[in-house]
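All remarks here apply to the structure that follows.
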Amino acid sequence: MNSNNSTGIVILVIVLTSCLISLTVLGNTFVILAFIVDKRLRNQSDFVLLNMAICDFLIGAFPSPVYVPYFLTGKWMSGRFLCKLWMTIDYTVCTASSFNIVLISYDRYLSVTKAVSIHTVVSIASVWIFSFLLYGPAILSWKNDVIDSNSSVTTCVPGFYDIWYFKFGTSCVEFAFPLISISFFNLSIYCSIKKRGRKKRQKSMLQNSKGKENDGNLHIISTNSVLFSAQLHVTENLGTEKRLTVSLRHCFPYRKPSSFTHNEATLQHRNISQVKLSRDEKIARSLSILVGAFVICWAPYTFLSSIRAACSGFGVKSYWYEITIWILYMNSAINPILYPLCHKNYRKACSLVVKKIKEFVMNKSGSQS
């Protein structure tokens, strides 16, 4: 955009971007507070989600607000240092947000298929280090003029802005690699759940058929004896069939009865397997929602930025490119809404945060009165 836009459009853009920034900051602050307040959210997977919330919070707290005046006027008026700082933080936290989706998918993949967890601290640190190394050194060392030599319009763009092979390579690392990785992890999770569900149904059918074959009746008549009766079919010489009932009483030394029978143990094991399968299905559904939001928000920006770099800015209107940047930022506002929808523990934690906030407000108002 530029300063020639009508006042109505400028006001509309300010309102929309302000709402998006506020939603991003408040939503991710809420998720971080939920993690602090509720001690149940302290397992390995929750730490990865916390790291994701921190990335999204930083996007809403610094890159997005700084971009608003630049987006509206088309001019950078904050100097060279802030330009480099803004670009470094912007590219780093956005890339970290992308890699966090891969980390979450990988964690869920290990949980469902291998029943193990990732090394959280090492994985999270690797995400931040690699995210900085992808763009940071290039932004800080590559020559990028804040003043455009062809005009008096000030700009803030990285030195690799129009170098198509650099943009294409980083786009592959930043979007194509995560997309391929999360597709593989999600497909593996889906196949694992389907395979386990099929085995469970086959095992259940086999156990039911075995149960029907046993017509015997077991009667516990005392603490140390069992009476077993069964019906036998005997065919005499003349072809007539007689049905006899044979009873056998077996006595054995007294033993302390176990807490549950074999059938109860089998049933308990079956219930545990069913609970784990149901939990993994919920994990797969919640992960697919997060991944879907990531793809929808990142694909337009990656596609247009690559085309823009390859065509040296021709063929792609600047406002379309700028809109895709805001769509990318929108992903950071959507994620904190998806966490409570996808995870039962986060819903409970959010309710606890609301309760704490209400108590704090009531105590404040009570002390002032």
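The table that follows gives values for the structure above.
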read-out	value
Condition check for S306: of a type in the set (S, T, N, Q) and closer than 30 Å to D46 by Cα	no
Listing of helices (runs of 4 or more DSSP H) fully contained in segment 63-181 that carry 2 or more residues being among the small types (G, A, S) and more than 30 Å from G8 (Cα to Cα)	79-109, 120-141, 164-171
Subset of segment 100-123 that is in contact with a Phe, Trp or Tyr (Cβ under 7 Å, 6 or more places away or on another chain) and of a type in the set (A, V, I, L, M) - its residue that is farthest from L82 (Cα to Cα)	I118
Single match in P65, P69 (criterion: without any contact (Cβ under 8 Å) to a residue 60 or more places away in the chain and either of a type in the set (S, T, Y) or out of contact with any helix residue (DSSP H, G or I) (no Cβ under 9 Å at 6 or more places or on another chain) (or both))	P69
Any hit, segment 122-136, residues being surrounded by 15 or more Cβ atoms within 10 Å (Cβ to Cβ) and modelled with pLDDT under 90	no
Subset of segment 71-92 (residues that are more than 26 Å from the chain's Cα centre (by Cα) and of a type in the set (A, V, I, L, M, F, W, C))	F71, L72, W76, M77, F81, L82, C83, L85, W86, M87
Among the candidates L50, L58, L23, L110, residue that is without any contact (Cβ under 8 Å) to a residue 60 or more places away in the chain and within 17 Å of Y329 (Cα to Cα)	L58
Residue match in segment 145-163 (condition: surrounded by fewer than 20 Cβ atoms within 10 Å (Cβ to Cβ), touching a Leu at 6+ places or on another chain (Cβ under 9 Å) and aliphatic (A, V, I, L, M))	no
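Okay, residues lined up against (1) basic (K, R); (2) assigned to a helix (DSSP H, G or I); (3) under 19 Å from V48 (Cβ atoms); (4) at pLDDT 85 or above:
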{"residue": "Q268", "(1), (2), (3), (4)": "no, yes, no, no"}
{"residue": "V275", "(1), (2), (3), (4)": "no, yes, no, no"}
{"residue": "L287", "(1), (2), (3), (4)": "no, yes, yes, no"}
{"residue": "T302", "(1), (2), (3), (4)": "no, yes, no, yes"}
{"residue": "S312", "(1), (2), (3), (4)": "no, no, no, no"}
{"residue": "S332", "(1), (2), (3), (4)": "no, yes, yes, yes"}
{"residue": "Y339", "(1), (2), (3), (4)": "no, yes, yes, no"}
{"residue": "C350", "(1), (2), (3), (4)": "no, yes, yes, no"}
{"residue": "K356", "(1), (2), (3), (4)": "yes, yes, no, no"}
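Let's see how each residue does on (1) in contact with a Gly (Cβ under 7 Å, 6 or more places away or on another chain); (2) more than 30 Å from S111 (Cβ to Cβ); (3) modelled with pLDDT of 90 or more:
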{"site": "V157", "(1), (2), (3)": "no, yes, no"}
{"site": "F160", "(1), (2), (3)": "no, yes, no"}
{"site": "W164", "(1), (2), (3)": "no, yes, no"}
{"site": "C172", "(1), (2), (3)": "no, no, no"}
{"site": "S181", "(1), (2), (3)": "no, no, yes"}
{"site": "N186", "(1), (2), (3)": "no, no, no"}
{"site": "K195", "(1), (2), (3)": "no, no, no"}
{"site": "R198", "(1), (2), (3)": "no, no, no"}
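The values are calculated or read from the model by the stated rules, or taken from the named source; none is laboratory data. Predicted model only: the values in this text are computed from it and were never measured. Neighbour counts are summed over all protein chains in view; Cβ atoms, including those assigned to glycine, are modelled from backbone coordinates with ideal geometry.
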